[in-house]
């Protein structure tokens, strides 16, 4: 058989028996799992945090067509929202797409009152603890360790189960005696005084020096401690 006959034979075979393309059969469980995996890989988890992903069930009335290519996914809008719509696409010759709603709950460890804490009460390890709370529902600058608040005082009544933020506690509270450290690169001296206002970590507060009676400004460095940089 010469080359021309071989070519003609191949053309006839191609005409009467075209190549067969096998489409992948898809079901709802597979797509839902695919969506969850995609969201997990594309969601930033805060340090020490964790996420819960709830993929909505696909309506059983929706007919899911086969697809000759691997599915693709993206989140067209509101990527950082707690509720997103994931777009699933089949990009073969008979392309199709669908949207699958997903709810994302980002949980982070937060300092919480384990009992009711009245205004002016001291926070102790017996009335505070770390618990996971949904990040999107927390207001204010959160605290994420017991040591950062133990010994501080409540500036207002805190209900049981309420997250404790920097705004509702004071490390230095008005009227409290505090240790004043005046320091420079070459020396450091300490004295005592009385706070004239409330302050949290890093806040600048007015302090009345017990010895001189003068009012000075110091920056809160710890519970009942302020620093003056000379």
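Here, each number is a calculation from the coordinates, and none is a lab measurement. Just so we're clear, the structure is a prediction, and the values are computed from it rather than from any experiment. Using ideal geometry, Cβ is built from the backbone for each residue, glycine included, and neighbour counts are taken over all protein chains shown.
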Between helix 3-16 and the chain: long-axis angle, C-alpha atoms, 0 to 90°, nearest 10
70 degrees
Where does each of 194, 38 land when they are ranked from fewest to most other beta-carbon atoms within 10 angstrom?
194, 38
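With Kirkwood's inverse mean 1/r over C-alpha pairs for Rh, give me the Rg to Rh ratio of segment 24-106, two decimals please. Present the calculation step by step, with values, prior to reporting the outcome.
Values: Rg = 13.4 Å, Rh = 13.5 Å.
A ratio of 0.99.
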The chain: Rg/Rh from Cα coordinates, Kirkwood Rh?
1.38
Per residue of the chain, what 222 nm ellipticity follows from adding -39500 (n - 2.57) for every DSSP H run with n ≥ 4, rounded to the nearest 500?
-4000 deg cm²/dmol
Sorted largest first, the Cα spans of segment 108-170 on the principal axes come out in Å as 29, 18, 18
Residue exposure sequence - 128, 51, 179 - by fewest surrounding Cβ within 10 Å
51, 179, 128
Can you sort 196, 111 from fewest to most other Cβ atoms within 10 Å of each residue's own Cβ?
196, 111
Over the chain, what relative contact order in percent results from Cα pairs under 8 Å that are six or more residues apart?
12 percent
